[in-house]
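Following: one structure in structure tokens, then a few remarks.
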Amino acid sequence: MKNLWNDAEAAHYQTDLALRAYSSRLLGCDKSLVLHGGGNTSVKIREPNLFGEEEDILYVKGSGWDLETIEEAGFSPVRMNHLLRLAGLEVLSDPQMVNELMAHMTKSSAPAPSIETILHACLPFKYVDHTHADAVVTVTNTPGGEVRIREIYGDTVVVIPYVMPGFDLARVCVGEFAKQAGADTIGMVLMNHGIFSFGATAREAYERMIMLVSHAEDYLKQKNVWQIPCLPEEVSRKSLRLELAVLRKEVSTAAGFPVILTTYMDDASLAFSRRDDVVVISQQGPATPDHIIRTKRIPMLGRDVQAYTQAYQQYFEQHALHAREKKTMLDAAPRVILDPELGLCTVGRNAKDAVIVAEIYQHTMEIIQRATALGGFLALSTDELFAVEYWDLEQAKLKKGGKPPLFSGQIALVTGAASGIGKACTEALLARGAAVVGLDLDPAIASLFKRGDYLGLCCDVSDENAMVDALEVCVKTYGGLDMLILNAGIFPASQPIKSLATDEWRKVMNINLDANLALLRECHPLLRLAPEGGSVVVIGSKNVPAPGPGAAAYSASKAALNQLARVAALEWGADNIRINILHPNAVFDTSIWTEDVRQSRAAQYGLSVEQYKKNNVLKTEVTSRDVAELAAEMCGPLFAKTTAAQVPVDGGNERVI
Ligand code: ZN
């Protein structure tokens, strides 16, 4: 475990709170300590209030902030005096506690304080750090875990039996702390949950955390369980995209909304999912309660979604009977799937969520395997897990997400996506919550957007093998295909038929027509598995209804593509796939409109380039964005009952009208 404290860097932070934020970020950037919003930290500061009186304030991590990126504004200031009085109560319900914490902050705009606020307040140290360190939960989640923890730490830590986070945990900690703490106490281990460290300074608390967790790591190394067996097994080379799209459709159906399903076929994931004992070790529960909402109680083994959801429903019904309040079931779909051929698949409402689930489960696989080697992985009972999974505070967090965006959980493929209309379509789809795979010959496609819901692949769509490989990558990354935007195309220089070479004609046909036939054919089996129906938008051209002289190859290729799309609409309607066509005209911010093309086209009509740009009924300029916004909407509910429509985006063209 690396100590990341840096004196030169720390010197930039003068106040107690600034240092609190700094050392919290050090904890947050080590994924073996905390993952995605997990863990929390605090500092107690005495400061004058409005009346000039000195007051003790607890600055504790606010909800919605991640330790990795937290700043001073991410800490909620709560009056210590009130917190200590609350700690003395016999009972305090969750809603009461949340209300009391919010009502006793000194800054009304601060985020909601952590649910561990009262616990932080009760620990008699200025700085308190809390993580769910992998090495510590590896040891606590074994039979005899408590004995091992005492063996590792002696009297330097207080040991707390598992209690669900919240007010009751704070009370138990206060009691145990009074009983167990001594002069050497520098931390506290919470069985099946994580670890706290304390200090008079930010540095002391941080370095104690590093030291304590390092002791647990050293223990695991001494016991010879650190190294995880990772058999270099055969990775399946066969095409998996259809199987994955089927799996994603079934998971989406179980969830009740379209999901992203990401597949990890790395050595570690395959080795874990192929272990002989995977049926036992993967079905105990998560490593720390913090993970349960993201990962669900247990992963699905294999691909039988129905069996999994039935078992989940049973688990819910059994435990909901015992629950004090009436609970509503979350969706019964799995979030983690282990399969000997696929390795690890993770499920999320969007690409970011699926990645978070993967990161959590990659750590979980290590924890489970080390704990198994140490003597057996022992998670919480299903009663305890249910209590956390269906905890009102956790459910409230889920609800706070609000209405998901239009294309949440859906996947789009855009060809010719590096510039012009294709790039604008990518932006329009991303803005509506879709995950987008962009294809283009231009290598710039790879780094066009740096975000988890975008994947840019350098690909010649007229090369069928390359196109099929790209589809395979698309489905392994996101799970399937819901929307296809056929945009890639070329617009050759003006050429009268009398001098149009056959090779030139064929080149245009190959890219503008043949490549799209192959794409449609290969995408069809995926589109028909789209949970909410598939949709295709073809970027056609004004040249279809109103061809221009000198553009024979282009006009013929787009007209043939138009006819192909209409036939597809007839053939695919029964598969709930819609295919609609846009006919843009004179969109000048695209790569096919080079200065040459622009001038020669304008000349064809005897106009200047400026006149040519707005040469339409509405006297308006048509941009890539105008086309893209309409293309994106055509994929959505506005066009749910429309297929084979041809819509002009041209400002009104007299020849078309
Ligand atoms: Zn915790």
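P(r) for region 7-222, from all Cα pairs and a bin width of 5 Å, is 1, 7, 16, 20, 21, 17, 11, 5, 2, 1, 0, 0 %, short bins first.
Straight Cα distances below 19 angstrom link Lys498 to the lysines Lys507, with same-chain residues fewer than 8 positions distant left out. Give me the percent of Cα-Cα pairs in the chain that sit more than 31 Å apart, rounded to a whole number. For the chain, the fraction of Cα-Cα distances above 31 Å is 60 percent. Across region 68-75, rounded Karplus estimates of 3J(HN,Hα) from the backbone phi angles (6.51 cos²θ - 1.76 cosθ + 1.60, θ = phi - 60°) give 4, 10, 5, 10, 4, 5, x, 9 Hz, Gly and Pro being marked x. Counting only protein heavy atoms and a 1.4 Å probe, the chain has 43 square angstrom of accessible area per residue. Net length available on complete extension from Lys107 to Gln180 is 22.7 nm, with 0.36 nm assigned per residue and the Cα-Cα distance removed. Once the Cα atoms are used to define both axes, helix 420-431 deviates from the longest principal axis of the chain by about 30 degrees.
The protection proxy used here, the mean number of other Cβ atoms lying within 10 Å of each residue, ranks peptides 466-475, 49-58, 132-141, 171-180 as follows, highest first: 132-141, 466-475, 171-180, 49-58.
The amide H of Ile485, built 1.01 Å from its N in the peptide plane, has Leu413, Val414, Thr415, Val537 as neighbours under 5 Å, considering only residues 5 or more places off or on other chains. Evaluated with a Cβ-only charge set (Lys, Arg +1; Asp, Glu -1), region 7-222 carries a dipole of roughly 220 debye about its Cα centre, given to the nearest 20.
Couplings 3J(HN,Hα) of region 18-35, computed from phi: 5, 5, 4, 5, 4, 6, 5, 5, 4, 5, x, 7, 9, 5, 7, 9, 9, 10 Hz, in residue order, whole Hz [Karplus 6.51 cos²θ - 1.76 cosθ + 1.60, θ = phi - 60°; x for Gly and Pro]. Each residue of region 526-541 is assigned a 3J(HN,Hα), and the resulting list reads 7, 4, 6, 9, 5, x, 10, x, x, 9, 10, 10, 9, 7, x, 6 Hz, derived from the Karplus form 6.51 cos²θ - 1.76 cosθ + 1.60 (θ = phi - 60°), x at Gly and Pro.
If R0 is taken as 41 Å, the Cβ-Cβ distance between Arg655 and Arg506 corresponds to a FRET efficiency of 0.90.
The C-alpha atoms of the chain define a longest principal axis, and helix 305-322 lies at about 40 degrees to it. The convex hull of the Cα atoms of region 298-360, projected and averaged over all directions, covers 5.0 nm².
For region 445-585, taking Cα atoms only, Rg and Dmax work out to 16.2, 50 Å respectively.
Within the shell of other residues whose beta carbon sits under 15 angstrom from the beta carbon of Lys619, the net charge comes to -3, with Lys and Arg scored +1 and Asp and Glu -1.
Taking the 0 to 90 degree range and rounding to the nearest ten, how far is the long axis of helix 202-222 tilted relative to the main principal axis of the chain, both from C-alpha atoms? For helix 202-222, the angle is close to 90 degrees. Listed by chain and number, the lysines placed with their C-alpha closer than 22 angstrom to that of Lys44 are Lys61, Lys107, Lys126; residues fewer than eight positions away on the same chain are left out.
If you count Lys pairs in region 241-400 whose Cα atoms are under 18 Å apart, skipping same-chain pairs closer than 8 places in sequence, the total is 12. Placing dummy labels 7 Å off each Cα toward the beta-carbon, the span from Glu472 to Glu621 is 4.5 nm. A full extension of the chain between Ser93 and Gln283 corresponds to an added length of 65.3 nm, given 0.36 nm per residue minus the alpha carbon distance.
Reported to the nearest whole Å, the Cα centre-to-centre distance from region 7-78 to region 588-615 is 58.
For Thr69, the solvent-accessible surface computed with a 1.4 Å probe is close to 80 Å², ligands and nucleic acids excluded.
Of the accessible area of the chain, with the probe set at 1.4 angstrom, what percent is carbon plus sulfur?
Answer for the chain: carbon and sulfur cover 53 percent of the accessible area.
Two-decimal Rg/Rh of region 210-350 from alpha-carbon positions, Kirkwood Rh?
In region 210-350, Rg relative to Rh is 1.03.
Placing a label point 7 Å from the Cα of Thr328 along the Cα-to-Cβ direction, the residues of region 286-309 whose backbone N falls under 19 Å of that point are 293-294. Taking a ≥ b ≥ c as the square roots of the eigenvalues of the Cα gyration tensor, region 472-553 is classed as prolate, since a/c reaches at least 1.5 and a/b is larger than b/c.
Using the average count of surrounding beta-carbon atoms within 10 Å as a protection proxy, the listed peptides 559-569, 413-423, 446-456, 624-634 rank, highest first, as 413-423, 624-634, 559-569, 446-456.
The values are calculated or read from the model by the stated rules, or taken from the named source; none is laboratory data. Remember, it's a predicted structure, so these values are computed and weren't measured experimentally. Here Cβ is always computed from backbone atoms with ideal geometry, including for glycine, and neighbour counts include all displayed protein chains. Note: areas computed on protein heavy atoms with side chains; ligands, DNA, RNA excluded. Shrake-Rupley method; radii C 1.70, N 1.55, O 1.52, S 1.80 Å.
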